[in-house]
1. Here is the link list: 339/374; 223/339; 231/315; 185/339; 73/242; 73/268. Which ones come out longer than 28 Å on Cα distance?
2. Restricting to the chain, compute how many DSSP beta bridges are antiparallel as a %, nearest 5.
3. Ranked highest first by average number of other Cβ atoms within 10 Å, how do 169-180, 249-260 line up?
4. When the distances between all Cα atoms of segment 35-159 are binned every 10 Å from zero, what whole-number percent does each bin get?
5. Quick check on segment 68-221: what does the Kirkwood estimate of hydrodynamic radius come out to from the alpha carbon pairs, in Å?
6. Rounded if a/c is under 1.5, else prolate if a/b beats b/c, else oblate: with a ≥ b ≥ c from the C-alpha gyration tensor eigenvalues square-rooted, which is segment 254-310?
7. So for the chain, taking the charge dipole from beta-carbon charges (+1 Lys/Arg, -1 Asp/Glu), which of 224, 26, 353 sits furthest toward the positive end?
8. Report, largest value first, the span of the C-alpha coordinates of the chain along each principal axis, in whole Å.
Amino acid sequence: STAESSSLRARDARVIANIGRLRFSPLAVVGGVGNRLIEEGGRQVLDLSASCGPAILGYSHAGLAAAVADACKSMAGASLLAYPNENAVALAEELLRITPGSGERRVWFGHSGSDANDCAMRVLQAATGRSRFISFIGSYHGNLSGSMSISGHTAMTHSLPRAGLLLLPYPDPYRNNFTADEVLKLLDYQFATTCPPHQVAAVFLEPLMSDGGLIVPPPGFLKALQDRCRKHGIRVVVDEVKVGLGRTGKIHCFEHEGLEPDVVVFGKALGGGLPLSAVVGPKEIMDHAPAFALQTTAGNPVATAAGRVVLRALKEEGLAANAERVGNAFMHGLRALGKDHSIIGNVRGRGLAVGVELIDGNTGEPVPVVTTAKIIYRAYQLGAAFVYVGLRGNVLEFTPPLTLTEAEVGEALGIIDQALRDVIAGRVSDAEVAPFMMW
Ligand SMILES: Cc1ncc(COP(=O)(O)O)c(/C=N/[C@@H]2CCCCNC2=O)c1O
């Protein structure tokens, strides 16, 4: 019909490149308010993903809109590489204040987690003269050439890892793929043979692995890894892009692990939905050379105005504490659901970074991706939006706005419960979800 063909969804299909899509439902968004997205046609959908992380303040946040509008009015000094601007400098000062670290440090601004990890990788190689890196199978550090090349997520098989990359297994306490000790033993073996530690510039790690399956590492593992790196002068880069800035109940997720990173990478939530990322690192690394990592609009006054509102809200609206409290209520409720649904194999996370691993109740094996996709599709129909992650595509990922309420947790649990029942009862067809089997 004419109405259908002129819909946002239909127009999107005619003009947006598929290489940039990761669509888990037909949801076409025309707005947002609070913790809800507004679908074309007016239906409100509870957002349990915060658009894959950035919308930690929810939608229609008055302070964010006012600050961005104000910055747009003048746009003076739009290019931080050419001129200082108040918002970028003030945001950098605040980032240095809230990020633990020793020695003199500097802040680089980018547009995305991908470009921030890309920059960190390049400048660490240049400044240390070391060209090897360590990261983890399942890790997602970005989708630009450099950040892809040090990632280990299955989505990265579209390109090749960088020469000399050492990918380690990320110990998964639920699947028990490798224990922490086995991974550390493998690392020691690599150091003694094919990966000389003095050639390694840095290890990139997610303090809680997100796209690889929402995996909370075994206690002490990352600290032991850091200690090994310190012995060999290998820098520790913590990628806080997805789980940082209050999401796990602490300002930085790495605080749960007792890490003291050399470099911290921020993205997603930092801009509250505007394109903004940051690398915080030692002066001797970050001042390596001028004109080394340039992007014309990086650190522009509009995106950094948003960043200032985000950090202010983090502090003044107690978002980390809310994430801890509401996240615990959510995980408690999901575990209770697990008593009625044998498909729920494991509920895990920290604060409002929550994962539900779906299994075949008889065998314990991961459910097929189509089943996961059906649950997400059905939940969308019932009024909640979220995504799936994991190397086997069987982990529901919940990273809602940090403003989520306990009442909304109750609503979410009702929708998830009903979606599970409907899918198990065969009410969603393979054909319906075929367009949404993304990775
Ligand atoms: C730990 C971590 N580090 C870096 C990135 C890359 O951030 P950008 O997608 O903003 O470039 C990400 C992005 N993660 C993906 C983005 C693609 C959609 C799927 N969901 C994500 O969270 C990330 O999770």
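1. In this structure, 223/339; 231/315; 185/339; 73/242 exceed 28 Å between Cα atoms.
2. On the way: 32 of 48 bridges.
DSSP beta bridges in the chain are roughly 65 percent antiparallel.
3. 249-260, 169-180
4. 10, 25, 34, 25, 6, 0
5. Details: mean 1/r = 0.0565 Å⁻¹.
Hydrodynamic radius (Kirkwood, Cα only) of segment 68-221 equals 17.7 Å.
6. oblate
7. 224
8. Largest first, the chain extends 58, 56, 41 Å along its Cα principal axes.
The values are calculated or read from the model by the stated rules, or taken from the named source; none is laboratory data. Note that the structure is a prediction, hence the values are computed from the model and not measured. Counting neighbours? That spans all protein chains shown, and the Cβs are built from the backbone with ideal geometry, glycine included. Areas reflect the complete protein model, heavy atoms only, side chains present, ligands, DNA and RNA absent. Shrake-Rupley method; radii C 1.70, N 1.55, O 1.52, S 1.80 Å.
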